[in-house]
1. Identify the residue in region 1-49 that is aliphatic (A, V, I, L, M) and assigned to a loop (DSSP other than H, G, I, E, B) and, among all such residues, is modelled with the highest pLDDT.
2. What are the residue pairs meeting all of these: first residue in region 50-73, first residue modelled with pLDDT under 65, second residue of a type in the set (Ser, Thr, Tyr) and not in a loop (DSSP other than H, G, I, E, B), Cβ atoms under 7 Å, and 6 or more apart or on different chains?
Amino acid sequence: MAKTLRIDTSNNRKITIELEADRKKDTLTEDSTFLRSEATLPTIDKLLEKNKLKIQDVEKVEVESRSGFIHRLKSRSSNR
């Protein structure tokens with residue numbers, strides 16, 4: 001199963017990051033009423049560190065944003 005990172009900034013008051021790896025899901029939600037763009041990367045780092053992964057281990061990224069700074073769905077396949 002691909003290691004998938006889901007980033008949801010569609011709520012104006014919080015950021016939700018979900019990591020799916022090895023058939024397990026882990027979610028981290030942070031309140032962010034100010035500068036969501038600056039809160040997203042540290043939240044991703046916390047979730048990856050908690051699961052003993054690095055960004056290079058992530059094979060797929062999905063982004064949900066209706067009104068936020070992130071506005072695309074990106075995916076890459078792993079060549080490992």
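The values are calculated or read from the model by the stated rules, or taken from the named source; none is laboratory data. Owing to the predicted nature of the structure, the values given are computational and were not obtained by experimental measurement. Ideal geometry is used to build each Cβ from the backbone, glycine not excepted, and the neighbour counts take in all protein chains shown.
1. Going through region 1-49, the residues aliphatic (A, V, I, L, M) turn out to be 1-2, 5, 7, 15, 17, 19, 21, 28, 35, 39, 41, 44, 47-48.
Next cut, assigned to a loop (DSSP other than H, G, I, E, B) only: 1-2, 35.
Working: Met1: 69, Ala2: 86, Leu35: 65.
Checked region 1-49; the qualifying residue modelled with the highest pLDDT is Ala2.
2. If the second residue must be of a type in the set (Ser, Thr, Tyr) and not in a loop (DSSP other than H, G, I, E, B), the pairs left are Phe69/Ser37.
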